[in-house]
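A quick write-up on the structure given underneath.
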Amino acid sequence: MTNSIKEIDGAKTIFVIGANTTNAHPVIGQRMRRAAQNGAILLVANPKEIDLVRVAHTFIQPKPGSDTALLMGMCRYILDKDLQDQAFIDEHCENFDEFKASLDAFTPEFVEEITGVPWEQVAKVAHTYATNKPAALFYAMGITQHSHGTDNVMAVANLALLTGNIGKESTGVNPLRGQNNVQGACDMGGLPNVYPGYQNVTIPENKAKFEKAWGKLMSDKVGLTHTEIFDAIYEGKVTALYMVGENPLLTEANAKHVREALENPDLFFVAQDIFLSETAQLADVVLPAASFAEKDGAITNTERRVQRIRKAIPPRGDSKPDWWITSQIAQKMGEHGFDFSAPSEIMDEIASVTPIYGGISHERIEEVGLQWPCRDENDPGTQYLHKGKFARPNGKGQFVPLEYKQSAEIVDAEYPLILTTDRSLYHYHSATMTRRVAGLEELDSNEWLKLSPADADQFGIEDGEWVEVYSRRGKVKVRAQVTDVCPTGVCSMTFHFHESPTNEITNPALDPVAKIPETKVTAVRVEKVS
Amino acid sequence: MTNQINFTIDGQEIVAQEGQNILDAALANDIYIPHLCHHPDLKPVGACRLCGVEIDGGHMTMSCLEPVREGIDVRTDSPVIYQARKIAIELLIADHHMDCLACAAAHDCDLLTVSAYMGVQPERLERLRKTERDLPIDTSNPFFQFDPNKCVICGICVRTCDEIVGLGALGFIDRGVSTVVGTFGNKPFVESVCESCGECVVRCPVGALAPKKPEFAAREVQTTCVYCGVGCGIYLGISGDEVVSVRADRERPTNEGSLCVKGRYGFNFINHPDRLTKPLIKKNGEFEEAEWDEALELIASKFAESKGEKFAALASAKCTLEENYLIQKFTRAVMGTNSVDHCARL
Ligand code: SF4
Ligand code: SF4
């Protein structure tokens with residue numbers, strides 16, 4: 001998030017697109033509902049009628065995969081009505097004319113056709129966002145999990161730049177990050193193209209800096225992404241995999257392919273986790289990890305706040321904290337630079353090589369944490385980004401011209417419905433933890449295919465009955481729930497239940513830049529189980 | 001800066017903030033005024049009629065609704081006030097199920113606090129109880145239950161769900177003889193729109209809304225929720241070697257005292273029997289338990305054979321910063337490849 005959670009309270013307009021916040025980020029969802037009650041205008045754009053719609057002032061229902069058209073349509077309306085923040089654009093942005101020219105294609109007719117949203121409604125949302133300021137925009141996987149997810153993100157940024165809704169309190173472009181430390185895993189360089197702090201591995205100075213810090217020679221070649229790793233294993237190019245705390249058999253699009261890869265007999269596969277997950281069962285060695293309550297450290301939330309976790313109880317059995325395990329493997333291999341006795345020492349090393357974490361230490365984050373960038377020990381941290389100037393080399397925000405791209409899969413006679421994925425309030429991700437909490441399992445114990453009454457009618461499906469959902473990659477068996485939440489033509493499933501592994505049928509088509517699979521748009525057909 | 005207001009309560013000098021009400025100002029200065037329906041997180045409603053005070057010798061007024069004013073002289077007790085409170089509390093008690101020993105809230109019950117302040121004796125409590133209310137207890141939610149027989153109709157739960165959670169799952173339901181609180185249509189909690197966040201349970205001043213398994217923590221450890229990217233601040237309650245409860249951290253800007261169902265109630269996986277407690281090595285297709293040394297030696301020798309582009313690592317969005325840092329450092333510096341990723345994209 002460019003801005004902070006607390007700033008929601010001060011926003012006059014809150015625009016939530018491609019996010020089911022009350023399910024996936026419940027306490028932020030609560031805050032949004034509260035803000036709406038206290039007078040903020042809440043705008044919701046989602047293919048499904050999510051819970052926030054109850055308190056929204058305006059709800060629009062774009063077809064899955066049409067976000068770029070919607071957002072660019074909003075930009076066009078704003079310019080047509082001269083509602084843009086021209087002073088902000090002139091002073092702080094670049095590439096405006098190119099961007100403006102690209103809006104020609106997004107005529108009202110075109111936007112209506114692609115999104116299925118009447119132009120007056122597009123206009124209404126755009127008008128409010130551009131005029132009732134400060135306006136804060138929030139999005140999640142509904143924007144990113146597309147073969148053109150990067151375009152969607154750029155479109156969101158264009159809209160914020162156009163209206164000057166960025167770099168100020170209670171505004172911003174705010175991606176809601178999923179897992180408790182997904183922001184932190186990225187910050188720490190758990191990515192194939194960057195060292196900690198987003199320092200690109202292909203820039204020689206960066207490589208030199210880390211080679212000096214770590215005393216080793218390193219590769220300047222961008223590594224493989226999540227999806228590419230499984231391809232490479234499948235092809236026998238990668239022969240050893242060290243997997244910590246993940247369960248790709250449930251979370252990765254086209255999970256069948258992941259299984260086939262991990263079953264490659266030439267692979268040496270080490271899984272490290274607190275439970276024997278579906279994926280870990282395929283490992284050669286499984287290492288028992290301590291849970292969050294059994295170790296010290298820090299994690300970074302969606303608003304860039306670095307917060308402590310603390311050891312409250314001893315690790316169960318012989319399980320060990322993940323930091324200890326990785327250090328031991330390295331030391332067994334005779335390596336130096338891994339002889340840490342506590343996570344606070346590791347954090348000190350992080351601060352020494354990661355400028356945006358330069359002022360972070362366990363001591364400083366004891367009570368409420370600090371938000372990065374936090375560059376030195378006197379830096380109070382950063383509540384919101386891009387204040388006064390943009391965090392780019394020339395200090396300018398960049399408009400990006402865009403064109404509409406179709407989703408990789410579109411419906412046809414054989415696969416007439418679009419399947420999109422969602423999360424349950426009661427489970428988390430592949431649910432290895434939540435499904436082992438009896439009460440949560442009681443509240444939500446199986447997968448449902450949600451589909452509209454019209455589609456249920458057309459395909460002869462009764463509420464509550466077992467169906468099979470087919471995509472071009474396979475099928476899953478699941479019970480159907482007929483609900484108005486889904487519009488005609490769109491159905492949805494979560495991916496928490498190994499009994500109905502949704503991601504065995506989702507589409508692994510990748511966004512060319514972000515390499516994110518298109519799990520939000522899969523063409524499917526639904527059949528009764530005879 | 002808001003202005004400071006100086007006044008007196010029972011002769012004691014008080015400094016309060018402009019806009020504060022008299023009840024909050026009194027409580028902040030350790031002066032107790034009986035109250036049941038007031039909660040500092042919620043807008044005051046003056047429903048329980050217990051917090052009456054007299055200002056400058058005038059008529060009794062509800063202190064939760066009365067803003068502080070410069071120079072006023074507040075009296076928290078007088079024969080008139082006492083009489084009014086007595087009527088209010090006795091009416092409540094008459095309707096209340098008084099099985100205190102078996103009540104989860106007994107150690108922390110505002111009704112008992114008020115009764116003690118008023119000098120109402122337990123025997124008298126027993127005599128006061130007249131209506132034998134025997135409404136069914138709603139046990140449908142796995143984490144908490146609602147016993148309407150203990151409810152004092154303070155409305156705190158209703159206002160919490162409305163003002164804090166923004167959901168409005170609860171309301172007052174008129175049942176002819178008496179009012180009760182309940183879900184829309186008076187359905188069991190799990191069939192309502194309730195999201196099981198437990199905010200109402202935390203604030204219920206008596207034992208009406210109470211955890212099913214009340215646990216007493218011997219100590220608490222401040223930490224952060226393990227689930228989503230909101231990063232709510234929590235305190236884990238510990239008894240012996242086990243986590244037995246979770247409490248929200250009110251000071252943390254991320255959640256300011258709020259939690260969702262996963263954060264508040266989703267911690268039992270820690271002690272689940274499925275937890276891995278030993279390294280496992282697959283031999284002839286079956287996992288066998290091993291000691292750390294054996295497992296680490298094996299991994300070290302195997303990894304050594306796959307250095308460079310033959311190696312890949314998946315870091316974890318569930319592990320700490322320090323752990324992710326080490327995994328990528330290991331991948332880059334020891335194994336010589338940048339093939340490290342995690343499920344950020346999923
Ligand atoms: S259930 Fe508790 S909080 Fe709700 S009205 Fe009754 S006593 Fe008050
Ligand atoms: S309590 Fe709920 S909203 Fe808060 S971090 Fe945990 S899972 Fe997320």
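Every number here is computed from the coordinates shown, using simple stated rules; none is lab data. This one's a predicted model, so the numbers in the text were calculated from it and none came from an experiment. Please note: Cβ atoms are built from the backbone with ideal geometry, for glycine as well, and neighbour counts cover all protein chains shown.
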If you add up the charges near A:G245, with Lys and Arg at +1 and Asp and Glu at -1, over every other residue whose beta carbon is less than 9 angstrom from its beta carbon, what do you get? -3
Using θ = phi - 60° and Karplus 6.51 cos²θ - 1.76 cosθ + 1.60, couplings along the range A:51-60 (whole Hz; Gly, Pro as x): 4, 4, 4, 4, 10, 7, 7, 9, 10, 10
In debye to the nearest 20, how big a dipole does the protein assembly as shown give about its Cα centre with +1 on each Lys and Arg Cβ and -1 on each Asp and Glu Cβ? 260 debye
Enumerate the calculated ³J(HN,Hα) couplings along the range B:188-199 in order (Karplus 6.51 cos²θ - 1.76 cosθ + 1.60, θ = phi - 60°), each rounded to whole Hz, writing x wherever the residue is Gly or Pro. x, 3, 5, 8, 9, 7, 3, 9, 6, 6, x, 4
So what are the ³J(HN,Hα) numbers for the range B:270-286, from phi and the Karplus equation (6.51, -1.76, 1.60; θ = phi - 60°), rounded to whole Hz, Gly and Pro as x? 4, 9, 5, x, 6, 3, 6, 10, 9, x, 10, 10, 7, 10, 6, x, 10
With no solvent term and unit scatterers on the alpha-carbon positions of chain B, Debye gives log₁₀ I(q)/I(0) at q = 0.11 Å⁻¹ of -0.87
Considering only DSSP states other than H, G, I, E and B, which GluC sites (Glu not before Pro) in the range A:449-530 qualify as loop sites with at most 14 other Cβ atoms within 10 Å? A:E462, A:E465, A:E499
quick note, the range B:236-346, DSSP beta bridge pairs, % antiparallel (nearest 5) is 80 percent
For each of A:Y470, A:Y404, count neighbouring Cβ atoms within 10 Å of the residue's Cβ, then give the residues from fewest to most. A:Y470, A:Y404
Quick one: work out Rg over Rh on the C-alpha atoms of the range B:306-346, Rh as Kirkwood radius. 0.98
Please go through the residue pairs A:K450/A:K475; A:K320/B:K278; A:K63/A:K133; A:K450/A:K477; A:K216/A:K332 and name each one whose alpha carbons sit more than 20 Å apart in this structure. A:K63/A:K133
Work out the length of the dipole vector of the range B:219-271 about its Cα centre, built from +1 on the beta-carbon of each Lys and Arg and -1 on the beta-carbon of each Asp and Glu, and round it to the nearest 20 debye. 140 debye
Using the basic label-point model (7 angstrom from Cα toward the beta carbon), what is the A:D376 to B:E13 distance in nanometres? 4.5 nm
The protein assembly as shown: C-alpha gyration tensor shape, a/c 1.5 cut-off, then a/b vs b/c: prolate
Give, in nm to one decimal, the length gained when the segment between A:E367 and A:K387 is fully stretched (0.36 nm per residue of separation minus the Cα-Cα distance). 4.6 nm
Using the charge dipole of the range A:420-503 (Lys, Arg: +1 at Cβ; Asp, Glu: -1 at Cβ; taken about the Cα centre), state which of A:T421, A:V467, A:A454 has its Cα farthest towards the positive end. A:T421
Using only Cα positions of the range B:19-98, each an equal point scatterer, no hydration layer, compute I(q)/I(0) via Debye at q = 0.13 Å⁻¹ and quote the log10 values to two decimals. -0.39
Given the DSSP H assignment, sum -39500 (n - 2.57) over each helix run of at least 4 residues in chain B and divide by its residue total; what's the result at 222 nm in deg cm²/dmol, nearest 500? -6000 deg cm²/dmol
Could you state, as a whole-number percent, how many of the C-alpha pairs of the range B:144-211 are farther apart than 15 Å? 45 percent
Using Cα pairs under 8 angstrom and six or more residues apart, how large is the relative contact order of chain B, in percent? 10 percent
Taking every DSSP beta bridge that has both residues in chain A, what percent is antiparallel when rounded to the nearest 5? 40 percent
Here Rg/Rh (Cα, Kirkwood) for the range A:182-371 equals 0.96
Among GluC sites (Glu not before Pro) in the range A:165-236, those in a DSSP loop whose Cβ has at most 15 other Cβ atoms within 10 Å are A:E235
Rounded to the nearest 500, what is the 222 nm mean residue ellipticity of chain A from helices alone, with -39500 (n - 2.57) per DSSP H run of 4+ residues and division by all residues? -8000 deg cm²/dmol
Over the Cα atoms, compute the radius of gyration (one decimal) and Dmax (the largest Cα-Cα distance, rounded to a whole number) for the range A:417-528, in Å. 14.0, 41
For the range A:314-448, what does the alpha-carbon gyration tensor say about shape, rounded, prolate or oblate, given a ≥ b ≥ c as the root eigenvalues, a/c under 1.5 as rounded, and a/b over b/c as prolate? oblate
Picking from A:I78, A:P134, A:A24, whose Cα lies most toward the positive end of the charge dipole for the range A:5-176 (charges on Cβ: Lys, Arg +1; Asp, Glu -1)? A:A24
Need one number for the range B:219-271: average projected area of the convex hull over its C-alpha atoms, nm². 3.3 nm²
